[in-house]
């Protein structure tokens, strides 16, 4: 038991304490300007967040952001992993290039892509104009839908290597003789994929999706660097909303903490639901 | 006698060196950039050379998070001896009770005698007490590109808002040429400049009130001004300028995409670096239908935390920083208007054509009437976000100007201005 003490201490200090502190903070009136007059104000912060006219829109944005980001990250990651499964010359170097975005800072990526998507000076518009696809630059950040498309595109580009890494590892663990048996039984590549490959990588896929949903929901970097949640809150997700409260509402850490608790609650419900569903399915198998 | 004097001098030197030995001042700036940091470090180096034993540790947080960083450090009473305080940060820090009252220092200072008009009032913005020693003034003016305008046979800068709209619309082709460098992110001060120019009775002490005490957003002239400002975006500015901050605004101006720009003097340093002399000029802000325009008197300065243990040495550095030669160097390299009137007389740079816009405005304080934001109001920090959000909705036609003005009015009524 004594051997666990260091581990529990580290987890307690780095995870449990900040979570509890944030939870307490969400019931107080903690802003930087009244740091010496902090008191409990009940559910006022939650009321202000939930009654804000934009909360529904922010929740919807969060759902769109997570759903499309994770879906396309998974599909592209899966495709890439399948392509890289068989050894070929220079696979290591190629893999290095493909996985490179994963090693970059999200905020730096956001800033770079912001310029790439720029309506007046961006390279993307320049290429499209030179190719004759468009006549004048598209203002990605002045249109609510295009702005969301832009930030999700960048997030897909950033996140799909992670899926590829995880799925590739799972693919390499599938015994070759299972495939050979399938081929001998006359299975075509599509059947092989759905009857052999997918069931084998399913646990990894589920866990990776779960992890990515949690990370993507808590990942304001790209959006903050590209749009700060604009235009007119069209790309504002919960984690960006939380930052905006701190920066633009007199450093209101308590209200921001209330948003943080809401994020944690949503993720807890989602995680529990996912585990229940996936465990049931496993039992059915 | 000589021996006694010599002994006294030596004792003084010894005493001073003991007093100042191994003193480290911690200083934080809020408008940090690599260039600005270098400028301040150069002045620090000169000070350290004069004061052996005194070291100054400069903290330069990223611009976007600097205000929060200062707020948090000071509220937690983290070690700091000199803090840069912008006008918009001042009232919050004073209300937290963490800024030292500098009256005893400033009243003794020779430098205060040479401050240009408005600086005394700026220093005493909150509670009529000086909590900072201003180091620079920021007043917006009109920047324009004669080379671009001449291509369209337009000579000189627009003198009125109407003329500016006509010019901007005339040269806008919707592809690679627009008129006005619109500000999408944090539009406070850009929207207000245009909107207030439709008035002729703005309160000099509060930009959002008329001299009769009425909130300006309740007045029909505000609606005219707001509609004008929205039209400026739709008819004469790039669509993506809805998401433009300072960098994009200046970039568009430098590239010639938008040859008309409202900005602060710190833009001059960047433009002097990016453009050759004479390619850009400044002119007074265009006046509105009210015959006036109302720039605000922005300022920044150095303050001392009330809990600092090195207040006297910190003050010595602040005075050193504001000596005419150091202040001139800082303002020229960084791009700001000096607070010391002697600099305008002694340094030809501040009398050059680059400063024509400001010179003309300061010469006619009736037409170019300086006014102030209600920065001492508790809800000032939230105003930023509200005005920015509403501007985006207006530009995307998701809100009517009438509704926007109603929201603005409600906000300031609740805030109690």
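The values are calculated or read from the model by the stated rules, or taken from the named source; none is laboratory data. Predicted model only: the values in this text are computed from it and were never measured. Neighbour counts are summed over all protein chains in view; Cβ atoms, including those assigned to glycine, are modelled from backbone coordinates with ideal geometry.
So which of B:355, B:411 ends up being within 21 Å of residue B:211 (Cα to Cα) and in a helix (DSSP H, G or I)? Steps first, please.
Values: B:355 fails: within 21 Å of residue B:211 (Cα to Cα).
Every option except B:411 fails the conditions.
Taking residue A:146, is it in a helix (DSSP H, G or I), within 14 Å of another protein chain (Cβ to nearest Cβ) and over 29 Å from residue A:63 (Cβ atoms)? Spell out the reasoning first.
Details: in a helix (DSSP H, G or I): yes; within 14 Å of another protein chain (Cβ to nearest Cβ): yes; over 29 Å from residue A:63 (Cβ atoms): no.
No, not satisfied.
I'd like the residue in the stretch B:369-385 that is within 14 Å of chain A (Cβ to nearest Cβ) and closer than 18 Å to residue B:194 by Cβ and, out of all such residues, is modelled with the lowest pLDDT.
Let us first name the residues in the stretch B:369-385 that are within 14 Å of chain A (Cβ to nearest Cβ), namely B:375-385.
Those still in the list that are closer than 18 Å to residue B:194 by Cβ too: B:383-384.
Values: B:383: 88, B:384: 82.
Filtering the stretch B:369-385 for residues that are within 14 Å of chain A (Cβ to nearest Cβ) and closer than 18 Å to residue B:194 by Cβ, the one modelled with the lowest pLDDT comes out as B:384.
Could you grab me the full set of residues in the stretch B:110-135 that are closer than 26 Å to residue B:307 by Cβ and under 15 Å from the mean Cα position of the chain (by Cα)? Even if it seems obvious, please write down each step before you answer.
Looking only at the stretch B:110-135, we keep the residues that are closer than 26 Å to residue B:307 by Cβ, and these are B:111-112, B:122-135.
Within the stretch B:110-135, B:122, B:123, B:125, B:132, B:133, B:134, B:135 qualify.
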Test result for residue A:7, farther than 22 Å from residue A:267 by Cβ, in contact (Cβ under 8 Å) with a residue 24 or more places away in the chain and either away from chain B (no Cβ under 14 Å) or surrounded by 13 or more Cβ atoms within 10 Å (Cβ to Cβ) (or both) = no
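Pull up the stretch B:395-406, narrow it to residues that are surrounded by 16 or more Cβ atoms within 10 Å (Cβ to Cβ) and more than 9 Å from chain A (Cβ to nearest Cβ), then point me to the one that is farthest from residue B:221 (Cα to Cα).
So in the stretch B:395-406, the residues surrounded by 16 or more Cβ atoms within 10 Å (Cβ to Cβ) come out as B:395-396, B:399, B:401, B:404-405.
Restricting the remaining residues to those that are more than 9 Å from chain A (Cβ to nearest Cβ) gives B:401, B:404-405.
Details: B:401: 12, B:404: 14, B:405: 11 Å.
The residue in question is B:404.
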key: Residue among B:261, B:232, B:285 that alone is touching a strand residue (DSSP E or B) at 6+ places or on another chain (Cβ under 8 Å), under 30 Å from residue B:203 (Cα atoms), at pLDDT 95 or above and in a loop (DSSP other than H, G, I, E, B)   = B:285
task = All but one of (1) assigned to a helix (DSSP H, G or I); (2) in contact with a helix residue (DSSP H, G or I) (Cβ under 7 Å, 6 or more places away or on another chain) hold for residue B:375, so report the exception by its number.
result = (1)
request  = Just give me the residues in the stretch A:102-121 being facing chain B (nearest Cβ under 10 Å) and at pLDDT below 90, in sequence order.
outcome  = A:119, A:120, A:121
message = Which residue is surrounded by the most Cβ atoms within 10 Å (Cβ to Cβ), if the candidates are limited to the stretch B:71-114 and must be within 17 Å of residue B:32 (Cβ to Cβ) and within 12 Å of chain A (Cβ to nearest Cβ)?
response = B:74
key: Failed item, numbered, when residue A:133 is tested on (1) away from every other protein chain (no Cβ under 14 Å); (2) part of a helix (DSSP H, G or I); (3) at pLDDT 90 or above   = (2)
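Name the residues in the stretch B:329-349 that are in contact with a strand residue (DSSP E or B) (Cβ under 8 Å, 6 or more places away or on another chain), surrounded by 18 or more Cβ atoms within 10 Å (Cβ to Cβ) and either modelled with pLDDT of 95 or more or under 21 Å from residue B:120 (Cβ atoms) (or both), would you? Outline the logic, then answer.
The initial filter retains those residues of the stretch B:329-349 that are in contact with a strand residue (DSSP E or B) (Cβ under 8 Å, 6 or more places away or on another chain), namely B:330-331, B:334, B:336-341.
Still in the list and also surrounded by 18 or more Cβ atoms within 10 Å (Cβ to Cβ): B:330-331, B:334, B:336-340.
Across the stretch B:329-349, the qualifying residues are B:330, B:331, B:336, B:337, B:338, B:339, B:340.
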inquiry  = Checking residue B:397 against (1) part of a loop (DSSP other than H, G, I, E, B); (2) over 28 Å from residue B:210 (Cβ atoms); (3) touching a helix residue (DSSP H, G or I) at 6+ places or on another chain (Cβ under 7 Å), only one condition comes out false. Which one?
reply    = (3)
query = How many of the residues in the stretch A:119-137 are touching a helix residue (DSSP H, G or I) at 6+ places or on another chain (Cβ under 6 Å) and surrounded by fewer than 20 Cβ atoms within 10 Å (Cβ to Cβ)?
reply = 3
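Here's the yes/no breakdown for (1) assigned to a strand (DSSP E or B); (2) within 14 Å of chain A (Cβ to nearest Cβ); (3) modelled with pLDDT of 90 or more; (4) over 30 Å from residue B:384 (Cα atoms):
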residue: B:117; (1), (2), (3), (4): no, no, no, no
residue: B:122; (1), (2), (3), (4): no, no, no, no
residue: B:129; (1), (2), (3), (4): no, no, yes, no
residue: B:150; (1), (2), (3), (4): no, no, yes, yes
residue: B:153; (1), (2), (3), (4): no, no, yes, yes
residue: B:182; (1), (2), (3), (4): no, yes, yes, no
residue: B:187; (1), (2), (3), (4): no, yes, no, no
residue: B:191; (1), (2), (3), (4): no, no, yes, no
ask   = If residue A:246 passes every condition in (1) modelled with pLDDT of 95 or more; (2) within 14 Å of chain B (Cβ to nearest Cβ); (3) touching a strand residue (DSSP E or B) at 6+ places or on another chain (Cβ under 9 Å) but one, which one does it miss?
value = (1)
ask   = Is it the case that the stretch B:137-146 has a residue that's at pLDDT below 95, in contact with a helix residue (DSSP H, G or I) (Cβ under 8 Å, 6 or more places away or on another chain) and farther than 30 Å from residue B:259 by Cβ?
value = no
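Just checking: which of the helices (runs of 4 or more DSSP H) contained wholly in the stretch A:187-281 hold 2 or more residues that are in contact with a helix residue (DSSP H, G or I) (Cβ under 9 Å, 6 or more places away or on another chain), touching a residue at least 24 places away in the same chain (Cβ under 8 Å) and surrounded by 20 or more Cβ atoms within 10 Å (Cβ to Cβ)? Steps first, please.
Details: elements: A:189-192, A:198-217, A:221-226, A:238-248.
So the answer is A:198-217, A:221-226, A:238-248.
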